[in-house]
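Asker: I am attaching a structure below and will ask some questions about it afterwards.
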Amino acid sequence: MEQLSEALARIADLGGPVVLLLGALSVLVLAVVLYKLWQFASAGVGRHRALSDAVAAWDRGAADEAQRHLGRSTSYLRPVVAMAMEGAADARRLEAEAELRFARLEAGFRLLDSVAQLAPLLGLFGTVLGMISAFQALQAAGAQVDPSVLAGGIWVALLTTAVGLAVAMPTALILSWFEARMDGERVLAQKALHTVLAPAGVSGTPGATGDA
């Protein structure tokens, strides 16, 4: 703890409280990203092989085969597709059920977006504060100006901008990846629900029993 306190004190002396704040934001972002990765893996995001096989079988009119494939699925969309196959809900209700699951997976995206936008502004704010301090020191020195002292103050001030960008850029990149995955999930869910509700097979209805 003592070493950690000393390290934090050195960081505060070097970059000021803005760098400490950006460091805390980076820890928060890392925690959120790790949680979202775990959540995506647990929900089976991107792993819909059995679900897709079930929808394809239902589209052919093979209801029994579709139910077998659906039973093997571990996708978070499985209950929604099961509701559609049972004919227990209309399209709007099914889409609402799917959106509810998407909302759970997208929780935390707003936080990542806020950090991606706020971190560069915080870095710029720290730089402005540092430049003000540097020029105040320059004014106080009067005719006895040491250029090396001024240069040192300026680079320390610019450090906060660099830290802000270092936090913002990977956060924005990871958020874009998460959002792209969810866009793909929405397309898959829409296709699956519409296929189940309007199958191409003549016997592909909730009452169909035979395998094609």
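Asker: Could you work out the local net charge near Arg72, counting Lys and Arg as +1, Asp and Glu as -1, over the other residues with Cβ closer than 10 Å to its Cβ? Working shown, then result.
Answerer: Values: positive: Arg49, Arg68, Arg78; negative: Asp53.
Around Arg72, the surrounding residues sum to +2.
Asker: With charges set only on the Cβ (+1 for Lys and Arg, -1 for Asp and Glu), what does the dipole of region 28-125 come to about its Cα centre, in debye to the nearest 20?
Answerer: Result for region 28-125 is approximately 300 debye, rounded to the nearest 20.
Asker: Keeping every protein chain present and rolling a 1.4 Å probe, give me the accessible area per residue for region 20-139 in Å².
Answerer: Values: 6310 Å² over 120 residues.
Result: 53 Å² of accessible area for each residue.
The values are calculated or read from the model by the stated rules, or taken from the named source; none is laboratory data. Predicted model only: the values in this text are computed from it and were never measured. Backbone-built Cβ (ideal geometry, glycine too); neighbour counts: all protein chains shown. Remember, those area values only see protein heavy atoms, side chains included, never the ligands or the DNA or RNA. Shrake-Rupley method; radii C 1.70, N 1.55, O 1.52, S 1.80 Å.
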